[in-house]
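Right, one structure below, let's go through it.
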Amino acid sequence: MPFATHHKSDPRYLDLAANAHGAEKAKMMYRAVQRCPEGPLRMVEIGPGGGAAVAHLADLLAEEEPRDAVELTLIEAPGVESESLAHAMKTFGRVGTCRLKQGHAQDLCDLIPEPAHVVSASALLHELYSYGGGYGGIHTMMRNLPRALAPGGFFAYRDVYAVDAPSLHEHAVQVYEHRSWIQFIRMFVPGYLAEGTHPYHHASDDVVVRQDSRIVPAERLDPRKAAIVSAPIGVIREIQRHYITARDHVWRRGALGFVPALEGLSAGDWIDAASGHKRVHYRLFEDGSLTRQHYAMLLAVSEPYGDHFTVDGDIFDDCTDAALTEFLTLVEQGGEQAEVWQEWSVREGRETYAYMTVDELVADMAVKSADQGADAVILPRDADDVVREPRRYYNRYLRKRLSAPLTDAKQLILFSRVDLGDAVGLTEAMGALRRVCSKNSIARVHSVISDRI
């Protein structure tokens, strides 16, 4: 599947959607920096997007004592450009030097002149899987990391939480009763299975859709009737994850007539943070995107707040799904809304999130990083280097829409380059593994390390 360079460079994507977690990524990098020795500092960020993490990192570094030299290299796919990234690079100039190189993550060692003290990446696995050669691309990146990192260096990695199941091919059953979800399945699943890069090609990976107790092709689903889908749990996860990304894209494009605040202080106006219940801040546009019915309904349940409106998050989700149903209907009818759907579909609607649980990711990283002959292994050194943060707002929404929702969360891991001759470092790392990995994975990692020592 070709990389959607044009759509990945769209300012609405790079400057908004891809920047949503810049502060989070920057904090991970800064935590690694604080554990680096004094002296010159070389850092790399893979896939900087619109540069939010670059700008946040500059702010954090500006608060500490200046180092002798700070160098940040940004690795972006060829052809992907962003004005906001260029601005962030200038901002970074107050704490060090920053340069952009075009290339691919699996070629990292060829793109940097010498090993880095800190390498950072976010959601890299699914990009590599979808565009960089499947699992082979992922494993190549893992094998190259020891050479890309300086002794004692760090790899800060952030991704979506993986399905905790024995296999992504294990079948699961999901019941869909909400019209917007059923309509989305009708439009998304056939194209994803036919054109996307994914591993669901075996005879046992078939997707079976039922309505009125009869098996029907996904493309012939009736959105007005409940549907039961039996499919590999990985496909169920793709439906869930892609619905959320499509909904967010349509929001950001203003295609429903309203745009919620998804970043900044307004995005964190919690009614009850523990349960994911929030107050949504949004802007409304009288441009004909909404029917009068949707427009009147949303205003009736909202309150003015300065130059925008606020509404209970649960009510906002109901209004969104009703408007999204209308949007998807117009897309299928060939309306001008089809352009917005096509943007999302080309950019990420055929991608596969190469889900790896923390157990799988940590073990695979250790095993593959030891494959290349380097005298080091890539592992977290402390159990606190592995963090899972639930996405409470999305989980609340999913619980209200699906019969058996899969947990939506972020997993953040700070890997270290541990020298195979460092007995203390290896002991610490194996201790960390006992907190986050299965016994089988620990034995697998121990066996590889023992063979190399």
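The values are calculated or read from the model by the stated rules, or taken from the named source; none is laboratory data. Quantities reported herein were computed from a predicted structural model and do not represent experimental measurements. Quick reminder, even Gly has a Cβ in these numbers, built from the backbone with ideal geometry, and neighbours come from all protein chains shown.
Give the residue, chosen from Val70, Val54, Val95, that is out of contact with any Cys (no Cβ under 6 Å at 6 or more places or on another chain) and surrounded by 23 or more Cβ atoms within 10 Å (Cβ to Cβ).
Only one candidate qualifies: Val54.
Of everything in the range 125-157 that's aliphatic (A, V, I, L, M) and in a strand (DSSP E or B), which residue is farthest from Val44 (Cα to Cα)?
Ala150
Output the number of the condition that Val229 fails; it satisfies all remaining conditions of (1) surrounded by 16 or more Cβ atoms within 10 Å (Cβ to Cβ); (2) in the same structural domain as Val331 (by TED's automatic domain parsing).
Val229 satisfies all of (1) surrounded by 16 or more Cβ atoms within 10 Å (Cβ to Cβ); (2) in the same structural domain as Val331 (by TED's automatic domain parsing) except (2).
Search the range 360-417 for residues being under 18 Å from the mean Cα position of the chain (by Cα) and charged (D, E, K, R), and hand back the single one that is surrounded by the most Cβ atoms within 10 Å (Cβ to Cβ).
Asp408
How many residues does the range 140-174 hold that are surrounded by fewer than 17 Cβ atoms within 10 Å (Cβ to Cβ), without any contact (Cβ under 8 Å) to a residue 60 or more places away in the chain and either over 22 Å from the mean Cα position of the chain (by Cα) or farther than 19 Å from Asp205 by Cα (or both)?
0
What number of residues within the range 68-98 satisfy the criterion of being within 19 Å of Glu38 (Cβ to Cβ) and either β-branched (Val, Ile, Thr) or touching a Pro at 6+ places or on another chain (Cβ under 7 Å) (or both)?
Residues in the range 68-98 being within 19 Å of Glu38 (Cβ to Cβ) and either β-branched (Val, Ile, Thr) or touching a Pro at 6+ places or on another chain (Cβ under 7 Å) (or both): 5 in total.
Please return the ranges of strands (runs of 3 or more DSSP E) entirely within the range 208-270 where 2 or more residues are touching a helix residue (DSSP H, G or I) at 6+ places or on another chain (Cβ under 7 Å) and closer than 23 Å to Ala23 by Cβ.
Per the criteria, 258-260.
So for the range 380-390 (the condition being out of contact with any helix residue (DSSP H, G or I) (no Cβ under 9 Å at 6 or more places or on another chain) and assigned to a loop (DSSP other than H, G, I, E, B)), does at least one residue qualify?
There is no residue in the range 380-390 that is out of contact with any helix residue (DSSP H, G or I) (no Cβ under 9 Å at 6 or more places or on another chain) and assigned to a loop (DSSP other than H, G, I, E, B).
Between a first residue in the range 426-439 that is among the acidic types (Asp, Glu) and a second residue that is surrounded by fewer than 18 Cβ atoms within 10 Å (Cβ to Cβ), which pairs have beta carbons less than 7 Å apart while being 6 or more apart in sequence or on different chains?
Close Cβ pairs satisfying both conditions: Glu428/Asp382.
May I ask you to verify whether Ile236 is within 13 Å of Trp181 (Cα to Cα) and either of a type outside the set (Ser, Thr, Tyr) or at pLDDT 95 or above (or both)?
It is true that Ile236 is within 13 Å of Trp181 (Cα to Cα) and either of a type outside the set (Ser, Thr, Tyr) or at pLDDT 95 or above (or both).
Going by what's in this entry, would His178 be described as closer than 30 Å to Gln211 by Cα and surrounded by fewer than 22 Cβ atoms within 10 Å (Cβ to Cβ)?
Details: closer than 30 Å to Gln211 by Cα: yes; surrounded by fewer than 22 Cβ atoms within 10 Å (Cβ to Cβ): yes.
Criteria met by His178.
Can you tell me which residue among Ala404, Ala363 is of a type outside the set (S, T, N, Q), assigned by TED's automatic domain parsing to the domain that holds Met141 and within 30 Å of Ala443 (Cβ to Cβ)?
Exactly one of Ala404, Ala363 is of a type outside the set (S, T, N, Q), assigned by TED's automatic domain parsing to the domain that holds Met141 and within 30 Å of Ala443 (Cβ to Cβ), namely Ala363.
Just to verify a result, which residue in the range 271-330, among those that are among the charged types (D, E, K, R) and in a loop (DSSP other than H, G, I, E, B), is modelled with the highest pLDDT?
In this case the residue turns out to be Asp307.
From the list Phe285, Phe309, Phe316, which residue is in contact with a Gly (Cβ under 7 Å, 6 or more places away or on another chain) and under 13 Å from Phe258 (Cβ atoms)?
Phe285
Which residue pairs have Cβ atoms under 8 Å apart, sit 6 or more places apart or on different chains, and have a first residue in the range 34-49 that is on the phi > 0 side of the Ramachandran plot and a second that is assigned to a loop (DSSP other than H, G, I, E, B) and surrounded by fewer than 21 Cβ atoms within 10 Å (Cβ to Cβ)?
That search, which allows pairs on different chains as well, returns Gly39/Arg67; Gly39/Asp68; Gly47/Ala77; Gly47/Ala123.
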